[in-house]
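These notes concern the structure reproduced below.
The values are calculated or read from the model by the stated rules, or taken from the named source; none is laboratory data. This one's a predicted model, so the numbers in the text were calculated from it and none came from an experiment. Because the Cβ atoms are built from the backbone with ideal geometry, glycine has one as well, and the counts that use them run over all protein chains shown.
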Amino acid sequence: MSFVTDYLARRGVAFEVAGHPRAVTSLDEARALGITADQVVKTVMLATDRGPALLIVPASRRLDLRLARDAVGDPTARLATEGELQEAFAECELGALPPLGSLLGAAAFLDPEVLEHDTVMFAAGTQTESVKARAADVFRDEQVTVTPLVHDPDRDSE
């Protein structure tokens with residue numbers, strides 16, 4: 001078990017572990033698992049004036065940096081470099097951040113579209129292991145701010 005699956009088990013979250021070939025991005029992860037990208041959740045780190053922030057969005061969608069900056073309250077927030085990711089989250093391999101701010105000790109922001117899915121698949125801290133669990137269970141006890149983080153053409157036209 002990884003530190004991510006240990007954490008989920010301690011919280012009483014039912015999950016399945018899926019091993020797969022090395023995947024550096026969430027799209028690679030979906031391909032390796034033989035599923036569509038909208039079934040995978042990706043976690044992106046922003047470097048902010050208050051430290052690292054985790055942004056959790058569907059892998060099939062692109063983070064809207066304007067919305068992300070608004071969510072974290074820092075107009076100068078930017079995508080973290082690989083070096084910043086390794087420094088902040090040394091226990092995780094690059095491209096394998098789990099969507100668990102409480103576990104990683106970082107502020108977490110969740111796009112509401114993620115909660116529309118019954119189950120989600122996400123990286124378990126390594127490039128070769130993913131976790132599948134009910135979205136409601138994963139985020140039930142997490143300290144997350146639910147806020148739009150991806151461009152939604154339907155919402156923007158209202």
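Please verify whether the range 74-84 includes one or more residues that are surrounded by 18 or more Cβ atoms within 10 Å (Cβ to Cβ) and over 13 Å from the mean Cα position of the chain (by Cα). Yes, the range 74-84 has at least one match.
Whether a residue is part of a strand (DSSP E or B) and out of contact with any Leu (no Cβ under 9 Å at 6 or more places or on another chain) was assessed, and VAL17 passes this test. Screening LEU104 against (1) aliphatic (A, V, I, L, M); (2) modelled with pLDDT of 95 or more; (3) more than 12 Å from the chain's Cα centre (by Cα); (4) more than 23 Å from HIS151 (Cα to Cα) leaves a single unmet condition, (3). Note on the range 44-158: enclosed strands (runs of 3 or more DSSP E) holding 2 or more residues that are in contact with a strand residue (DSSP E or B) (Cβ under 8 Å, 6 or more places away or on another chain) and of a type in the set (D, E, K, R) are 129-134. What are the pairs with Cβ atoms under 7 angstrom where one residue, in the range 47-68, is more than 22 Å from LEU27 (Cβ to Cβ) and the other, located anywhere, is among the basic types (Lys, Arg)? Sequence gap at least six, or different chains. As it stands, the answer is ALA47/ARG78, since those pairs meet every condition given.
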